[in-house]
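As structure tokens, the structure follows; a few thoughts come after it.
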Number of protein chains: 4
Amino acid sequence: MIVAMRPRATREQLDYVSGILRDQGLIAVSSTMDDIAMLITEQCGTPELVSAVEKAAGVDRVIALSGPQRLTSREFRAEDTVVKVGPSGEAAFGGTEFTVIAGPCAVEGRDQMFSVVDAVVAAGAVMVRGGAFKPRSSPYSFQGMGLAGLALLAEQRKRTGLPVVTEVVTPGDVECVAEESDMLQIGTRNMQNFELLREAGASGRPVLLKRGMSATIEEWLMAAEYVMQAGNGDVVLCERGIRSYDRSTRFTLDLSAVAEAKRLTHLPVIVDPSHSTGRPHLVGPMSLAAASCGADGLLIDVHTDARNALCDGAQALTAQQFGALMDRLKPVVEAVGRTLPVTPARSLAQV
Amino acid sequence: MIVAMRPRATREQLDYVSGILRDQGLIAVSSTMDDIAMLITEQCGTPELVSAVEKAAGVDRVIALSGPQRLTSREFRAEDTVVKVGPSGEAAFGGTEFTVIAGPCAVEGRDQMFSVVDAVVAAGAVMVRGGAFKPRSSPYSFQGMGLAGLALLAEQRKRTGLPVVTEVVTPGDVECVAEESDMLQIGTRNMQNFELLREAGASGRPVLLKRGMSATIEEWLMAAEYVMQAGNGDVVLCERGIRSYDRSTRFTLDLSAVAEAKRLTHLPVIVDPSHSTGRPHLVGPMSLAAASCGADGLLIDVHTDARNALCDGAQALTAQQFGALMDRLKPVVEAVGRTLPVTPARSLAQV
Amino acid sequence: MIVAMRPRATREQLDYVSGILRDQGLIAVSSTMDDIAMLITEQCGTPELVSAVEKAAGVDRVIALSGPQRLTSREFRAEDTVVKVGPSGEAAFGGTEFTVIAGPCAVEGRDQMFSVVDAVVAAGAVMVRGGAFKPRSSPYSFQGMGLAGLALLAEQRKRTGLPVVTEVVTPGDVECVAEESDMLQIGTRNMQNFELLREAGASGRPVLLKRGMSATIEEWLMAAEYVMQAGNGDVVLCERGIRSYDRSTRFTLDLSAVAEAKRLTHLPVIVDPSHSTGRPHLVGPMSLAAASCGADGLLIDVHTDARNALCDGAQALTAQQFGALMDRLKPVVEAVGRTLPVTPARSLAQV
Amino acid sequence: MIVAMRPRATREQLDYVSGILRDQGLIAVSSTMDDIAMLITEQCGTPELVSAVEKAAGVDRVIALSGPQRLTSREFRAEDTVVKVGPSGEAAFGGTEFTVIAGPCAVEGRDQMFSVVDAVVAAGAVMVRGGAFKPRSSPYSFQGMGLAGLALLAEQRKRTGLPVVTEVVTPGDVECVAEESDMLQIGTRNMQNFELLREAGASGRPVLLKRGMSATIEEWLMAAEYVMQAGNGDVVLCERGIRSYDRSTRFTLDLSAVAEAKRLTHLPVIVDPSHSTGRPHLVGPMSLAAASCGADGLLIDVHTDARNALCDGAQALTAQQFGALMDRLKPVVEAVGRTLPVTPARSLAQV
């Protein structure tokens, strides 16, 4: 259950409620969302307990929840959450706009960044992606440019005015990544790196939370719960394919999970058709499918020199392919009643 | 490799080529498609063998194929195959039309059939589904009405003029099912029931081949190869969800497999959003997603009294839900450059 | 629930009980096991119904079962069933003996059969396997020798006096396969070929039922239920690996399922370490593991000329490897309190 | 490839070799194992490059490896590595002894620790487990006692003289966990938390590396490669079940992976039958199976008051069940030619 306190509830009032719960064997975790103090427990309380708590001083309302979800549930917030990213909210997830993030899998150099960013901006992406810290299966593979990569990303952010998202892989890096980017990406391998989730939640930056490659929908939402419980309601979920027996595609893109997650949570959900399929020729069809089944946006790998990419080049679209995809995407997005926003940087791209 | 003979090649010419192949250790299976005799081998031949065969009397051309696919491959036939179903080809799969089949999971009675068929025809379905023989995990569950069910299905076929598809579960039933319906459905549990595939192939009826719930795309295509090798090129593939670790949905609908299968084969591919998701609220989103990622049609469960359904009622759409879906489907289908055909039976429905 | 009638209950008594059940909306399937007539329903009855049925004339006892299992459940029969195979019960599954079946994957010729059978008999196998009808993913692969293969198998059966097991793939073949062999194997692709299960059940021969490659334990037991419901209680289950995301091994051998199945059912359970792992070097370790976790026997591929095998040669043990395995198996089998039976044919092998 | 330098090779010699590699486009990572400096590259070098490097001053030998594995491969070290844990190597993994670690899933209090540790020591465990930091799917679940839990574990370590292993979940905790325990456990959710792997590798403590719940064998070994590349060769792998479609057991214990991993790597491999099966009645059979298929030990949950356990109590064995298991384990371990070591603390247990 969630106990939401009144706006100016005192510390003593909070402690008093916490004590009532403790007496009934319920351990409450406290959090603050939108300046509202809350107490959250794993178990539901009995009706008697709920009404006892409701009467306590300083309590605004008590939400008794059925499933394991708390802050991410539709019962906590019925309407869709719109997550705005960038200094003036240049990119928005969860509203009527269908938001496309694009860029290279890994930041590999200054020229590459200029070239790819120009291309994706020209084609209509409203946000830029690029990895500076790359989690790689082998310690002998390219691990990303690290801080130097962050700086190159920040340069593009300044130049184009578009928000950037980049992955953070360990709690110790959260602070510097939050400083140089507009949104923190938590990768599939770190979906249950709970300390990282908590740090990202405390950073104040919106978080892009990829689904673990063998996570259930419930586990995915519970991971978002860690971020929200740390006080950060700006979480965007990203489906990126799950492991199944079939290796014809790199992973099995689970679009039913997008529709099901949208039903269970008020948080926005986007789709990564690049890492899930691992095949450029499937990125287009899966992007259109994502747009029509209720996803709020896409995260796409684009490369202007894919053959020489240091990381996952095989799945990236060329600039031309990405442009063609954006053209095909427009009528589908409109057919389901949404719009492809016009990027404010489209003009900047000529600069 | 495939050796296609000339239209009037003699039996002797065929045997001679077969002998050349045998001498090189290649076992050839013979088949006839569109009145053309063919010899098909599992292994590719050497370039020398290919040119020796090409010179033999009666040989039209030799197709040396790289992968395991033969008759289903794009190398054998580059352009999309259009499969027409019904006495005058009332329903077509694989062309510009997006074809929706709808009806009850199981035929349960005369009233039910009138009620459901009226509803799906009114909403725009161009073909009717309904199971008379139901493969059920438990021998104690309702196993379908059998022959009586077939008769009820045939009655609707006659009344509405719409083609019907129904499942056949064992080789001994192929003949009677082929007589009473327009298309034979091979279910997920029988995708590798090879004797059934051969019989269905020999029946002359178009075949709707569902993907095995743990079949790879290659295995699915090889199953279609069994049907085609028996002389029947009218195969429509149907993705219906695969088994993954995640049971939030009944199966995991694998839409990437639709796009990938369309790349590998010239055969049409449709999607069953009902059995894959097992949840009515996911049927809509997944239908739109299927339409936009390249599928050629849908197979949807509709029930007018789902609560009392004897089989899988939980996932069926109501008539109203199905109608609403058809309305939402139209703009998406058109956004990807296809059309929803107007059923000739729409008028009949008022009869 | 299961209603077991008294030994000499009349047809009228059976119909009367069936009527009581029907009045309460329960459809009863009838079966006969050990000359006892039974009525079996999918749903449990209410306590009132149970006591009404118990009082009816001719009724011996009513077994109200909780799960979906009926005849295969430990609640129906608490003690382990011992399935005897061969004219004089030469091989037994489910008792104190640990029973090893070995032979080639496919029957390929007379010399091969003599050579392999001599080898496995010399090493201590008490039963011979060999496929005459091979279900193959591709229609262009070797499909087995068919009837000629059956004859070669029957020849070895006569020569050695050892029982043989061979696969049957379609209902129409059950009669001839039952005539030429001692046990019918239902393969993984046919675990839910319900017509085949019924025919095999009606044949009177013991049935070796492989687990479907993506079947749950419950589905596997329900498949056995089809065989038993057709009147045949002599079913041996065989775990043969399931499909998982990891393709380092051909399939993932699920030994927990063996222990779990043994808990849920009274039927014997054996393990196929050859087809599951697909790697000769894993057959040994997995055989020992199977023996120690409660399996009742093994089904092993042995070939004396694996390189030239027409089917799955890559996974077969050589005669020498099989002999070494039997030597390592003995102390493990004894460590868990069982014995490796001495084959009566061991002496025959010198003939 | 791996370039192993001579014992007293200079920094200049190392840099020179590194330069040769760089000129050929190979990025080398440096590591030190057993005081031997090494350079490791992802790609194999050409034969020409290998012989050029072999001739360079200070180079001892060059190991050209075929697969992606480097330090974990049997090609790097053919014989089994024996990992000794505890101040005087009280527990050893990978030699002739079969080593059983047991204890509670989570440290929950002082009384609990005394009670459980007494029980497992009396039954013959040679090492104690207990979690102080618990990674939990829900932020509202019990997260472990943290530092207080570590202290309780250290108390038992001192009292019994037995080594203890405990999980570390984030890089910042490695130092304090390494101080209070003898072995660091990396859990399934952190198998690809690469920063944590590196920190654990640098800690000097032996590492128990659980397999990710959807990791391939190769990915598991590559995770071990991260630890070894950080200079720590004392890695013990632990199979703990993978996610499959079948949820009859909590996870699917993949014992083939144990045998396969033992073939691919010289590192010891143990099995966790508790978390994989999630069912007490399966822990026994799977422990015996693990012992007979080549595993080097077990990691078992034991609880003396499972009903009130704060974490995963459902799967823990009682003291009595654990004692009975150890008795059944002995003959199986001996049947495969190994021994169950007598714990030096057995006597202490009476204290």
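Throughout, read-outs are computed from the coordinates displayed, never taken from laboratory work. In this text the structure is predicted, and so the values were computed from the model without any measurement. A quick note on method: Cβ atoms are made from the backbone with ideal geometry, for glycine too, and the neighbour counts reach across all protein chains shown.
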Whole-Hz couplings from phi, Karplus 6.51/-1.76/1.60, listed for region B:114-123; x for Gly and Pro: 4, 5, 5, 5, 4, 5, 6, 5, 4, 7
Peptides A:218-227, D:42-51, C:141-150 ordered by average Cβ neighbours within 10 Å, highest first: A:218-227, C:141-150, D:42-51
Relative counts (whole %) of C-alpha pair distances in the protein assembly as shown, using bins that are 10 Å wide: 2, 8, 14, 19, 22, 19, 11, 4, 1, 0
Nearest-first distances (nm) between copies at A:Q320, label 7 Å from Cα via Cβ: 5.2, 5.9, 7.6
Shielding of C:331-338 by partner chains, average beta-carbon count, 10 Å: 5
For region C:45-99 and region B:218-274, distance of Cα centres in Å: 40
Tilt relative to chain A, helix A:147-160 - C-alpha long axis, 0 to 90 degrees, to 10: 80
Share, in percent, of DSSP beta bridges within the protein assembly as shown that are antiparallel, nearest 5: 40
Sum of -39500 (n - 2.57) over DSSP H runs of 4+, divided by residues of the protein assembly as shown (222 nm, nearest 500): -11000 deg cm²/dmol
Relative pair counts by distance (%), Cα atoms of chain A, 10 Å bins: 6, 25, 33, 21, 10, 5, 0
Partners for D:K158 among aspartates and glutamates (Cα-Cα distance below 14 Å; same-chain residues under 8 apart left out): D:E90, D:D118, D:E179, D:E180, D:D182
Separation of alpha-carbon centers, region A:166-203 and region B:149-209, rounded to whole Å: 55
Copies compared at C:A78 - label distances in nm, ascending, label defined 7 Å from Cα in the Cβ direction: 5.6, 5.8, 7.3
Whichever lysines have a C-alpha closer than 17 Å to that of B:K330, once near sequence neighbours (fewer than 8 apart) are set aside: A:K330
Shielding score for D:168-175, defined as the mean number of other chain Cβ atoms within 10 Å: 3
Chain B residue with Cβ closest to the axis mapping B onto C, distance in whole Å: B:S214, 2
Relative contact order [Cα under 8 Å, 6+ residues apart], region D:2-63, whole percent: 50
Cleavage-rule hits (GluC sites (Glu not before Pro)) in region B:58-100: DSSP loop, at most 10 neighbouring Cβ within 10 angstrom: B:E79
Positive-end residue of D:G103, D:A64, D:S88, charge dipole of region D:53-121 with Cβ unit charges: D:A64
For B:Y16, label point 7 Å along C-beta direction: distances to other copies, nm: 7.3, 8.0, 10.5
Anchor B:K262: lysines whose Cα lies under 19 Å away (excluding residues fewer than 8 positions away in-chain): B:K84, B:K210
DSSP bridge orientation in region B:67-175 - percent antiparallel, rounded to nearest 5: 40
